[in-house]
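Notes follow once the structure below has been shown.
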Amino acid sequence: MALQEKYQALVDAANAAGVANLAVREQDGVLYIDGDAPNGAVKDQLWDVYNQIDPNYASGDLVLNVNATAEAGSQVRVVTKESNLNIRKGPGTDQPIVGKAAKDEIITLINRSNDLWWSVRTKDGEEGYAYAQYLEPVS
Amino acid sequence: MKRILAIVAIVAFSFALPSCKGKSDAELKTAAEAAIQANPDLSGVIIEVKDGVATISGEVKDPAAQAAAETAVKEVKGIKSISNETTVAPPPPPVNITPDDPLTTAVKDAIKDHPTVSATVTDGVVTLTGEISKADLKTLMQKVQATKPKKVESGGLTVK
């Protein structure tokens, strides 16, 4: 239970920020925190708390998987650092690129049957898979 | 003499009476609630008292907390007995760890935009090496941890 104590401030912050389906488990010396964040800002805030407790995320004793979720059919924003987001034929970077979405562009989420690759449609009508970590719900 | 004794007995009895009477159920409930409040693990426990018999219910995290609730209430003076109807919360869902093959693919995707970082996957453990700027570290770690690994070893990663 020592890890739960170490990261208690993170769990408290997740609760306070309204993270849904929050699950905290400790297994083989690693703490796993999962949940659904209401938006990308909450996710980033939790990662900042994580970095305060464990500078540079260096200890390897936490797997934080609290992501901003979006409903199928809703609008999502492209949150790449600066580059365009590739839209691919299938879920994987080995898949051919079928389109691109600019940083901050708003595109439509078709479904998120795959955790890491969401199926999306750009406003030009291009459909394909985009890396979910570069998308966040428009709130 | 008998009369005097009887009066003494009555007087003695009437003095003894208040201490025999004890606390009301409502007072016992308040005292029992105060007793469990001291333990944060027992925040979900509900107490009812009827004729000095306490019934405790609600959900707690484990059997130890069930026992602790019972012990705490038992220590309240005036509680005759306890019916422990608390339940233990179901265990959280098991940790979902991605098997090595899909994990290797997912990690490759996760580090694609960070060409100075390399990763290996062994038994669910992702080991990151190379170097990364402080500004990109959070994004990298968010992407790598989202692949649902068993663990992320980043001790070999130089943060610049």
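Just a few scattered comments:
- Using the Karplus relation 6.51 cos²θ - 1.76 cosθ + 1.60 with θ = phi - 60°, the per-residue 3J(HN,Hα) values for the stretch A:8-23 come to 4, 4, 5, 5, 4, 5, 5, 5, 5, 8, x, 6, 8, 6, 5, 10 Hz, with x marking Gly and Pro.
- Placing pseudo-labels 7 Å out from each Cα toward the beta carbon at A:E105 and B:D100 gives an inter-label distance of 3.9 nm.
- Here the stretch A:2-68 has an Rg and Dmax of 10.8, 30 Å, counting Cα atoms alone.
- Cα convex hull of the stretch B:100-159 - mean projected area over all directions, nm²: 3.3
- Calculated over the stretch A:2-117, the projected area of the Cα convex hull averaged across directions stands at 8.4 nm².
- Sum of -39500 (n - 2.57) over DSSP H runs of 4+, divided by residues of the protein assembly as shown (222 nm, nearest 500): -10000 deg cm²/dmol
- Taking 16 Å as the straight-line reach from the Cα of B:K23, the aspartates and glutamates in range (excluding those fewer than 8 positions away in the same chain) are B:E33, B:E48, B:D51, B:E75.
- Pairs of alpha carbons in the stretch B:22-88 separated by more than 16 Å make up 33% of all such pairs.
- Partner lysines whose Cα lies under 17 Å from the Cα of B:K61, excluding those fewer than 8 positions away in the same chain, are not found.
- Entry note, chain B: relative contact order of 15 percent, from Cα contacts under 8 Å with a spacing of 6+ residues.
- Positive-end ranking of B:G22, B:V76, B:S57 along the dipole of the stretch B:22-88, with charges on Cβ about the Cα centre, is headed by B:G22.
- All-pairs alpha carbon distance profile, the protein assembly as shown, 5 Å steps from 0, percent: 1, 5, 10, 12, 12, 11, 9, 7, 6, 5, 5, 4, 3, 2, 2, 1, 1, 1, 1, 1, 0, 0, 0
- Chain lengthening between A:D94 and A:Q75 when straightened (0.36 nm per residue, less Cα-Cα): 4.3 nm
- Within the stretch A:1-25, backbone nitrogen closer than 18 Å to the virtual label 7 Å beyond the Cα of A:A41 toward Cβ: A:13-20
- Across chain B, Cα-Cα pairs farther apart than 25 Å form 61% of the total.
- Peptide A:52-59 shows a mean partner chain C-beta count of 4 within 10 Å per residue C-beta.
- Dimensions of the stretch A:34-95 from C-alpha coordinates, computed as largest minus smallest value along each principal axis and given longest first, are 38, 27, 23 Å.
- Within the stretch A:56-138, the trypsin sites (Lys or Arg not before Pro) that combine a DSSP coil assignment with at most 15 other C-beta atoms in a 10 angstrom radius are A:K81, A:K89, A:K103, A:K123.
- What you get for the protein assembly as shown, charging only the Cβ of Lys and Arg (+1) and of Asp and Glu (-1), is a dipole of about 840 debye around the Cα centre.
- Legend: calculated FRET efficiency, B:V53 to A:N15, from the Cβ-Cβ distance at R0 = 30 Å, rounded to 0.05, equals 0.25.
- Size descriptor for the stretch A:75-137, Kirkwood hydrodynamic radius: 11.0 Å (Cα pairs only, one decimal).
- With the simple model of a label 7 Å out from the Cα in the direction of the Cβ, A:S83 to B:D62 spans 4.7 nm.
- Placing +1 on the Cβ of every Lys and Arg and -1 on the Cβ of every Asp and Glu, with no other charges, gives chain A a dipole of roughly 480 debye about its Cα centre.
- Out-of-range pairs (alpha-carbon distance over 24 Å; input B:K29/B:K80; A:K123/B:K134; A:K6/B:K74): A:K123/B:K134; A:K6/B:K74
No lab work stands behind these numbers, since they all come straight from the coordinates. Everything quoted here is computed from the prediction, not taken from an experiment. Counting neighbours? That spans all protein chains shown, and the Cβs are built from the backbone with ideal geometry, glycine included.
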